[in-house]
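The values are calculated or read from the model by the stated rules, or taken from the named source; none is laboratory data. All of these numbers come straight from a predicted model, not from anything done at the bench. Counting neighbours? That spans all protein chains shown, and the Cβs are built from the backbone with ideal geometry, glycine included. Protein only, heavy atoms only, side chains kept; ligands, DNA and RNA dropped before computing areas. Shrake-Rupley method; radii C 1.70, N 1.55, O 1.52, S 1.80 Å.
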Amino acid sequence: MQCTLCSEHSELYCADRKRSYYRCLTCDLVFADPDSLIAEADEKAIYDFHENDPYDERYRQFLSQLSEPLLTKLKKGMRGLDFGCGPGPTLNLMLEEQGMQVELYDLYYYPDKAKLQQRYDFVTASEVVEHFAHPARSWQQLFSLIKPASWLAVMTSLNELKTTASFKNWNYKNDPTHVSFYSRQTINWLAERYQADYEIVNGRVILFRC
Ligand SMILES: [Zn+2]
């Protein structure tokens, strides 16, 4: 099977009751069998069910893992894009409360393609990249959105699991909309591919700068 991120060779990694997973020998991406992807309408129905409320303190706490380290890199008045903001945009509000301007884009809820024709001082993607069915194309798009020497802040659960058995028990992979799983090695491959520096904070937030 060809890797969906780097196009190199991947091998069957494991299978659960619902689908098989492949692991790339080059970039270490683990991805769900492309033949097992669910239909877009079913995918959206699952997102509709995520009731992200901007006034939910726990949701804000979760997002602060991304916003706090990112804010230390930014200056007031900078303009960013929250890519894949979902049905209840919240991260944008948290950043705006700290003096930033934030635009929204979401394939299903804020599908204004004009937002993808611009470049920003920072781009955020919280719990988005694990949904990438075509990660080569989607990462290309993410990196194309930032100005030179700007920030791309990504939050996802990293695959830190050493064994197939522990991967098979990982709750994160059971969400049928989660199809791409990144290890630290995959993040490193992405950074090299896009000539970016990066740091990983709070275990699940990657701040790319390029
Ligand atoms: Zn690969």
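Being open to solvent by less than 70 Å² (accessible area, probe 1.4 Å), closer than 22 Å to Asn159 by Cβ and in a loop (DSSP other than H, G, I, E, B), is that true of even one residue in the range 64-85? Step through it out loud before you land on a result.
Of all residues in the range 64-85, those open to solvent by less than 70 Å² (accessible area, probe 1.4 Å) come to 64-67, 69-71, 73-74, 77-85.
Those still in the list that are closer than 22 Å to Asn159 by Cβ too: 65-66, 69, 83-84.
Subsequent filtering for residues that are in a loop (DSSP other than H, G, I, E, B) retains 84.
Within the range 64-85 (the criterion being open to solvent by less than 70 Å² (accessible area, probe 1.4 Å), closer than 22 Å to Asn159 by Cβ and in a loop (DSSP other than H, G, I, E, B)), the answer is yes, since at least one residue qualifies.
Among all residue pairs at least 6 apart or on different chains, which show Cβ distances below 6 Å where the first residue, located in the range 1-12, is near the ligand (Cβ under 7 Å from one of its atoms) and the second is of a type in the set (Phe, Trp, Tyr)?
Ser10/Tyr22
Considering only the range 112-148, state which residues are among the hydroxyl-bearing types (Ser, Thr, Tyr), outside any strand (DSSP E or B) and farther than 20 Å from Val30 by Cα.
Ser144 - this is the single residue of the range 112-148 that is among the hydroxyl-bearing types (Ser, Thr, Tyr), outside any strand (DSSP E or B) and farther than 20 Å from Val30 by Cα.
I'd like the residue in the range 13-29 that is more than 11 Å from the ligand (Cβ to nearest atom) and open to solvent by less than 20 Å² (accessible area, probe 1.4 Å) and, out of all such residues, is farthest from Phe132 (Cα to Cα).
Restricting attention to the range 13-29, the residues satisfying the condition of being more than 11 Å from the ligand (Cβ to nearest atom) are 13-21.
If we keep only those that are open to solvent by less than 20 Å² (accessible area, probe 1.4 Å) as well, we get 14, 21.
Values: Cys14: 19, Tyr21: 14 Å.
The selected residue is Cys14.
Any idea how many residues of the range 114-173 are of a type in the set (Ser, Thr, Tyr) and within 11 Å of the chain's Cα centre (by Cα)? Break it down into steps so the answer makes sense when it comes.
Just the residues of the range 114-173 that are of a type in the set (Ser, Thr, Tyr), to begin with: 120, 124, 126, 138, 144, 150, 156-157, 163-164, 166, 172.
Adding the requirement that they be within 11 Å of the chain's Cα centre (by Cα) leaves 124, 126, 138, 156-157.
Total satisfying the criteria: 5.
Taking only the range 53-63 into account, find how many residues are more than 17 Å from the chain's Cα centre (by Cα) and open to solvent by 50 Å² or more (accessible area, probe 1.4 Å).
Count: 6.
Suppose we keep only residues that are among the polar types (S, T, N, Q) and closer than 19 Å to Val129 by Cβ within the range 36-63. Which one would you say is modelled with the lowest pLDDT?
So in the range 36-63, the residues among the polar types (S, T, N, Q) come out as 36, 52, 61.
Filter again for closer than 19 Å to Val129 by Cβ, leaving 36, 52.
Numbers: Ser36: 94, Asn52: 77.
Top of the filtered list is Asn52.
Identify, please: which residue in the range 195-210 is part of a loop (DSSP other than H, G, I, E, B) and open to solvent by less than 50 Å² (accessible area, probe 1.4 Å) and is, among those, farthest from Gln185 (Cα to Cα)?
Applying the first criterion (part of a loop (DSSP other than H, G, I, E, B)) to the range 195-210 yields 195-196, 202-204, 210.
Imposing the further condition that a residue be open to solvent by less than 50 Å² (accessible area, probe 1.4 Å) reduces the set to 196, 203-204, 210.
Details: Ala196: 14, Gly203: 14, Arg204: 14, Cys210: 18 Å.
Selected residue: Cys210.
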